[in-house]
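Scroll down for the structure; my scribbles are underneath it.
Read the figures in this text as sums done on the coordinates, not as results from a lab. Please read all numbers here as calculations on a predicted model, not as lab measurements. Virtual Cβ from ideal backbone geometry, glycine too; neighbours counted across all protein chains shown.
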Amino acid sequence: MNVLILGHEENCRDYLAYAKENGHTVSFFAPPALAPGDRDSWQPTVLDAVRAEFDLASFDDIISFHDSYQIQLDLVRAEAGMTSRRIDTLLCLSDKTRFKAHPAVREHITRHLQLDASLKAPAALELVQEAGLSFPIVLKPSNGFYSAGVVKVDAPEAFAKAFVQVKRVCTVLRESIGQSAMLAEEYLDGNEYAVDGMVSDGQVISLQVHRKWPPLVGPLFHEIAYYTEPFDPEQGTGFTALLESVIPGVGLDNSPFHAEFRFDAEGRLRILELAPRLCGGGTTTYQQLRICTGMDAYGMLHQLGRSPIEPKPTHHRVALEFDAPIERSGILRNTAHAVEVCEKNDVTTVVLHKNDGDFVLAPPLNFETVLCAYFARDTREEAEALLDHLLTHCTIETETDKQS
């Protein structure tokens, strides 16, 4: 299979290993950014750029794991005669403001308000109070990812500091992808979960469920680990009902999805976001699903729109994804030690995204991870015990200045 990926090679190491194992040939294309407010220019801009480098007829499939490239992806897929998703749907799912305003979604979310990131903190706080939002609230970019810039604000007195933090991330997003607003929403204090799945010819197929750790209670919302198990339709009826309402409601079909949820104080399930892609740059969905069920998420991705997906798990295990935490921003050192700790604990796969000498940011400003490790265990208790060990022994070391 000859595959074109909209993205960058350094962000697709897991898929490249899969492609090599399966005899696929892979090419990469970094599409141009889309001009905000000029939708008529999107198609010619993207297609002229890709045609200048590639003959689209030479590819068997065209995919992307990148949040910001999903619209460009489907413009290119449509031009190549492949199954494509609706651009209006992708616009809705790529921006939390649009998503929360959609008729199929707005009954399943918490109260919120969009804020202009150019405002000063006192003026923004006044708008929040006028809207009647109750503290604690959460401030976040409208189109962020990897929990970057998501901050809990417990009281009005803490608003200004959090506003500045999130505003900084919104600025970075605007510089990189052209737009980003800020959202203020009432905090949900229940547990947070995520579900990975596929939509195949109108059928919503939930494949696995993630339980996030630590419990995301703020002030920041950067998870360190996913405990993942095969999706159980009998236990997951609430997730299924919500997904089978929202997904066709927004018009998503023949697509992977990663949906995130929280329970509110009354035990009602609320949807936080619905992303039309695999989780974790593809790596999380693929590695965790392979461990939990023996199924091939990348293979399913290539199958979408060609033939119906019929999941056939071969086993039931618990997967642990460990995203080694960064305590402070600085220059990476001694990453080999973290890898060694993982290997001593029977790691299935280790993906090192950064190398010694690279500068990395700590939460809440980080947009990427340093080390992700994937482990297989038979029970949730075994996975929890392993995580306790990793938190003590598998650390990411940084220094503020390079040593001479």
Output needed: percent of Cα pairs per 5 Å distance bin for the stretch 185-276, bins running from 0 to the one holding the longest distance.
3, 13, 25, 25, 19, 11, 4, 1, 0
Treating only the Cα positions of the chain as identical point scatterers, give the base-10 log of I(q)/I(0) from the Debye formula at each q in 0.06, 0.08 Å⁻¹.
-0.23, -0.43
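Per DSSP helix of 4 or more residues, -39500 (n - 2.57); summed, then divided by the residues of the chain. What does that give at 222 nm, rounded to the nearest 500?
Working: 12 runs with 129 residues, N = 404.
The helix contribution divided over the chain gives -9500 deg cm²/dmol.
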In order through the stretch 379-388: 3J(HN,Hα) via Karplus (6.51 cos²θ - 1.76 cosθ + 1.60), integer Hz, x for Gly, Pro
9, 5, 4, 5, 5, 5, 5, 5, 4, 4
Per the Debye formula with a single identical scatterer at each Cα and no solvent contribution, what log10 I(q)/I(0) holds for the stretch 111-186 at q = 0.16 Å⁻¹?
-0.48
So who's got an amide H within less than 5 Å of the one on Met182, skipping anything under 5 residues away but keeping other chains? H placed 1.01 Å off N, in plane.
Leu115, Ala117, Ser142
Asp356 paired with Ala121, simple spin-label distance in nm, labels 7 Å along Cα-to-beta-carbon
4.0 nm
Between Leu361, Ala324, Ala376, whose Cα lies farthest towards the positive end of the dipole of the stretch 317-404 when Lys and Arg beta carbons carry +1 and Asp and Glu beta carbons carry -1, centred on the Cα centre?
Leu361
Lys, Arg +1 and Asp, Glu -1 on Cβ, resulting dipole of the chain about Cα centre, debye, nearest 20
600 debye
What do you get for GluC sites (Glu not before Pro) in the stretch 195-296 restricted to DSSP loop and a cutoff of at most 11 other Cβ within 10 Å of the site's Cβ?
Glu234, Glu266
Expected max-MSF residue from Arg106, Arg85, Arg262 in the GNM of the chain (alpha carbon, under 10 Å) is Arg106
Identify, among Val172, Tyr226, Asn2, the residue whose Cα sits farthest towards the positive end of the charge dipole of the chain, taking +1 on the Cβ of Lys and Arg and -1 on the Cβ of Asp and Glu, with the dipole about the Cα centre.
Val172
Please label the shape of the stretch 176-331 as rounded, prolate or oblate, based on the square roots a ≥ b ≥ c of the eigenvalues of the alpha-carbon gyration tensor (a/c under 1.5 means rounded; beyond that, a/b larger than b/c means prolate, else oblate).
rounded
What shape does the stretch 1-145 take by its C-alpha gyration tensor, where a ≥ b ≥ c are the square roots of the eigenvalues and a/c under 1.5 counts as rounded, a/b above b/c as prolate, and the rest as oblate?
prolate
Going by a ≥ b ≥ c, the root eigenvalues of the Cα gyration tensor, does the stretch 241-325 fall in the rounded group (a/c under 1.5), the prolate group (a/b larger than b/c) or the oblate group?
oblate
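Report the extension gain between Thr83 and Val172 in nm, rounded to one decimal, defined as 0.36 nm multiplied by the number of residues separating them, less their alpha carbon distance.
On the way: separation 89, 0.36 × 89 = 32.04 nm, distance 3.29 nm.
Length gained between Thr83 and Val172: 28.8 nm.
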Given charges of +1 on the Cβ of Lys and Arg and -1 on the Cβ of Asp and Glu, with all other atoms neutral, how large is the dipole of the stretch 3-110 about its Cα centre, in debye to the nearest 20?
460 debye
In terms of Cα to Cα distance under 24 Å, which lysines are near enough to Lys120, apart from those fewer than 8 places away along the same chain?
Lys96, Lys140, Lys152, Lys161, Lys167
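What number results when the radius of gyration of the stretch 2-84, computed over Cα atoms, is divided by 2.2 N^0.38 Å? The partial results should precede the final answer.
Values: Rg = 12.8 Å, N = 83, 2.2 N^0.38 = 11.8 Å.
For the stretch 2-84, the normalised Cα radius of gyration comes out at 1.08.
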